[in-house]
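The values are calculated or read from the model by the stated rules, or taken from the named source; none is laboratory data. Remember, predicted model here, so these are calculated numbers, not experimental data. Positions of Cβ are generated from backbone atoms using ideal geometry, with glycine treated the same way; all protein chains shown enter the neighbour counts.
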Amino acid sequence: MIWNTYKYIPLRRQGRQYLITTNYHLQQLRFKSFRTIDLTFGSHNHNNIPNKRNEKIFFYNYDNTSKIKALDRQFKILNKSQTKILELGFIPSNWLIYIRDTMAKLHNISDPGKIHQKCHILGFDILFGSPPIGVSSIQGNIFSKLAHKNIINHFKEISWTQLRDKRQLESDIDPKSYFSREQDESMIIDKQIERIEAGLKNITMSDIKRQQLLDKRDSLLPDYRIDLILSDLSKPGYQQSGFYDLTETNPYHRYNNNKGLNHSILQPGKSNFEFLDAALLLSCDLLRPGGKFVARLNEIDPYDPEMYLLHEKLEKVFNDVLEIRNFGHTTATTTTTTITTNNNDNDMSFSVQPPIEKYYICNDKKNDDEYDLYDIFKY
């Protein structure tokens, strides 16, 4: 976005020209369920970033944790009703640790490592790293269909295990006679569960029959979809462990050298839109109606033309969208570039708006029949 430094009026690009943005054009960026606020949060002491690596890592971790804490305290992202949570881009687990500890307090669990007793939390990342105790993790590429399938299947397995354990507990509490069990409809479901469990354990079964069993299992499941998805997908931070372990080090090398992966390093601003598209696509399949989606965009041009399309996509999926522009993220190295042009003998001075950090808190996901995936991602 270009600003007229004399009148401080935002200018919009049309071809190679910059035209004054009228109130009408500004209103076009506002939607009925779309709100924008400006905040300053996180660690603000960006002018004194340390030089040593271990001090940089400490600053990076502290900054990330302080941001999710500030967002949660002000906008109540986490609550007791949530029992299934997914974080995309969890390495190095700053957000995931905060989520685990906060959910443990909300569910009255003294030991955060036992959060799995009340709430299932999953972390996903292309980088390898051990998740916090009590939390699961999957490694994969967010742009892969297989990765999306693995995440969805993971939560299906969780729902299946919960259903099986619930049935077993009910049977132990209220045992019935053989005749009663034969007549009870719920017992028929229990038998189906047992047959499916036995079939899936058969390693010689063909892929077609296994898929048929999985489809039958899914038909018996309650809604496996989850309550909250957080997306912190961006350029990787510092490697913090496993320097002599190829399992942890190789993904960093691959990410930097692979042309299909390093777009977030070469073009951190534009890659934000690709990351959010992938996270939004997964949310459409995995997030339950009424669920919540939180996304972070790092080093983004606040007036990039693609922002309009992004807002439109979010509005099609969620009933309430809050955009938060964090100006406290601007570092000391970020400067405003001044451009001088000569148009019709009139000198005009413009300044380029520096990149900022944005957050989107999307509440109340719409029902499945209220949006169309092809319509959302047609551009």
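Considering the stretch 248-303, and only residues there that are polar (S, T, N, Q), touching a Ser or Thr at 6+ places or on another chain (Cβ under 9 Å) and farther than 25 Å from Asp368 by Cα, the residue that is surrounded by the most Cβ atoms within 10 Å (Cβ to Cβ) turns out to be Asn272.
Thr65 meets all of the listed conditions (1) surrounded by 12 or more Cβ atoms within 10 Å (Cβ to Cβ); (2) β-branched (Val, Ile, Thr); (3) modelled with pLDDT under 85 but one, namely (3). Once the stretch 71-81 is narrowed to residues that are surrounded by fewer than 17 Cβ atoms within 10 Å (Cβ to Cβ), in a helix (DSSP H, G or I) and not basic (Lys, Arg), the residue that is nearest to the chain's Cα centre (by Cα) is Phe75. All of Phe41, Phe90 fail the test of being crowded, with 19+ Cβ neighbours inside 10 Å and closer than 21 Å to Ile158 by Cα, apart from Phe90.
Cβ separations smaller than 8 Å between residues 6+ apart or across chains give no pair from the stretch 284-299 residues that are within 30 Å of Pro354 (Cβ to Cβ) and without any contact (Cβ under 8 Å) to a residue 12 or more places away in the chain to residues that are polar (S, T, N, Q) and in a helix (DSSP H, G or I). Scanning the stretch 300-312 for residues that are closer than 18 Å to Pro354 by Cβ and not in a strand (DSSP E or B) returns Asp301, Pro302, Tyr303, Asp304, Pro305, Glu306, Met307.
Looking at Leu122, is it surrounded by 15 or more Cβ atoms within 10 Å (Cβ to Cβ) and more than 23 Å from His148 (Cβ to Cβ)? It is false that Leu122 is surrounded by 15 or more Cβ atoms within 10 Å (Cβ to Cβ) and more than 23 Å from His148 (Cβ to Cβ). When restricted to residues that are touching a residue at least 24 places away in the same chain (Cβ under 8 Å) and buried (at least 21 other Cβ atoms within 10 Å of the Cβ), the stretch 110-119 contains 1.
Which members of the stretch 51-70 meet the condition of being of a type in the set (Asp, Glu) and over 23 Å from the mean Cα position of the chain (by Cα)?
Scanning the stretch 51-70 gives a single hit, Glu55.
Surrounded by 12 or more Cβ atoms within 10 Å (Cβ to Cβ), among the hydroxyl-bearing types (Ser, Thr, Tyr) and outside any helix (DSSP H, G or I), is that true of Tyr238? Spelling it out, Tyr238 is indeed surrounded by 12 or more Cβ atoms within 10 Å (Cβ to Cβ), among the hydroxyl-bearing types (Ser, Thr, Tyr) and outside any helix (DSSP H, G or I).
Yes/no per residue for (1) in contact with a Leu (Cβ under 7 Å, 6 or more places away or on another chain); (2) modelled with pLDDT under 70:
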site	(1), (2)
Asn150	no, no
Ser159	yes, no
Asp172	no, yes
Phe179	no, yes
Glu185	no, yes
Lys191	no, yes
Gly199	yes, no
Thr204	no, no
Asp207	no, no
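Of the residues making up the stretch 82-102, those that are hydroxyl-bearing (Ser, Thr, Tyr) and part of a loop (DSSP other than H, G, I, E, B) are Thr83, Ser93. Of the residues making up the stretch 100-107, at least one is surrounded by 15 or more Cβ atoms within 10 Å (Cβ to Cβ), under 25 Å from Gly237 (Cα atoms) and among the hydroxyl-bearing types (Ser, Thr, Tyr). The residues of the stretch 282-303 that are over 20 Å from Trp95 (Cα atoms) and of a type in the set (Asp, Glu), listed by number, are Asp285, Asp301.
Scanning the stretch 360-379 for residues that are more than 19 Å from the chain's Cα centre (by Cα) and assigned to a loop (DSSP other than H, G, I, E, B) returns Asn367, Tyr371, Asp372, Lys378, Tyr379.
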